[in-house]
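Here the structure is laid out as structure tokens; the discussion comes afterwards.
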Amino acid sequence: MPQPGLLWVNSKITSPDSITPSNFKKWYEDEHIPDVLATKQIHSAYRYKNIDPSSDRPYLALYPVPDMNFLGSKEYFDIPVTSNYFPGPGHRCFDFADFDTRYYEFVHGFEKEGVKSG
């Protein structure tokens, strides 16, 4: 039986001389999110930016996952991590940003009485 959950990714640019916040955002929104959504298991993504400018990790991405088993699959690990948005020779996102990735399984949902479900 599928176990729904949430993929939580908090990130920061570690090489600001090599990639600007604008290019990081373009990579995330123009390449990475579409690559993630191209998988069979992740159907939506949400990006946030911390409103505190002194935050050590200003970026947050949330991905609802219908089946947590997906996060251990070959398809998940095959999501591209390289892009021309990042300098060469490897063009790897991990060489220019740090990602704190966590997996959360669904426990329980609550909704306000009288509110349409979903």
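In the set ASP35, ASP95, ASP52, ASP67, only one residue is out of contact with any Lys or Arg (no Cβ under 7 Å at 6 or more places or on another chain), surrounded by 12 or more Cβ atoms within 10 Å (Cβ to Cβ) and farther than 29 Å from GLN3 by Cβ; that residue is ASP95. Would you say PHE24 is within 21 Å of SER83 (Cβ to Cβ), surrounded by 16 or more Cβ atoms within 10 Å (Cβ to Cβ) and not charged (D, E, K, R)? It is true that PHE24 is within 21 Å of SER83 (Cβ to Cβ), surrounded by 16 or more Cβ atoms within 10 Å (Cβ to Cβ) and not charged (D, E, K, R). So in segment 42-74, with the set limited to residues that are modelled with pLDDT under 95 and not charged (D, E, K, R), which one is nearest to ILE13 (Cα to Cα)? Top of the filtered list is SER55. So which residues in segment 21-56 are among the hydroxyl-bearing types (Ser, Thr, Tyr) and touching a strand residue (DSSP E or B) at 6+ places or on another chain (Cβ under 8 Å), if there are any at all? Listed by number, the residues that qualify are TYR28, SER44, TYR46, TYR48. Please work out which one of (1) in contact with a Leu (Cβ under 8 Å, 6 or more places away or on another chain); (2) farther than 22 Å from THR20 by Cα is the condition LYS116 fails and give its number. Tallying (1) in contact with a Leu (Cβ under 8 Å, 6 or more places away or on another chain); (2) farther than 22 Å from THR20 by Cα, LYS116 fails exactly one: (1). Among the numbered conditions (1) within 23 Å of GLN3 (Cβ to Cβ); (2) touching a strand residue (DSSP E or B) at 6+ places or on another chain (Cβ under 8 Å), the only one that PHE110 does not meet is (2).
Quick one: is LYS40 under 19 Å from TYR85 (Cβ atoms) and more than 12 Å from the chain's Cα centre (by Cα)? Taking the combined requirement at face value, the residue does not satisfy it.
The values are calculated or read from the model by the stated rules, or taken from the named source; none is laboratory data. Bear in mind that the values here come from a model prediction, so they are computed numbers and not experimental data. Cβ sites come from the backbone with ideal geometry, for glycine too, and all protein chains shown count toward neighbours.
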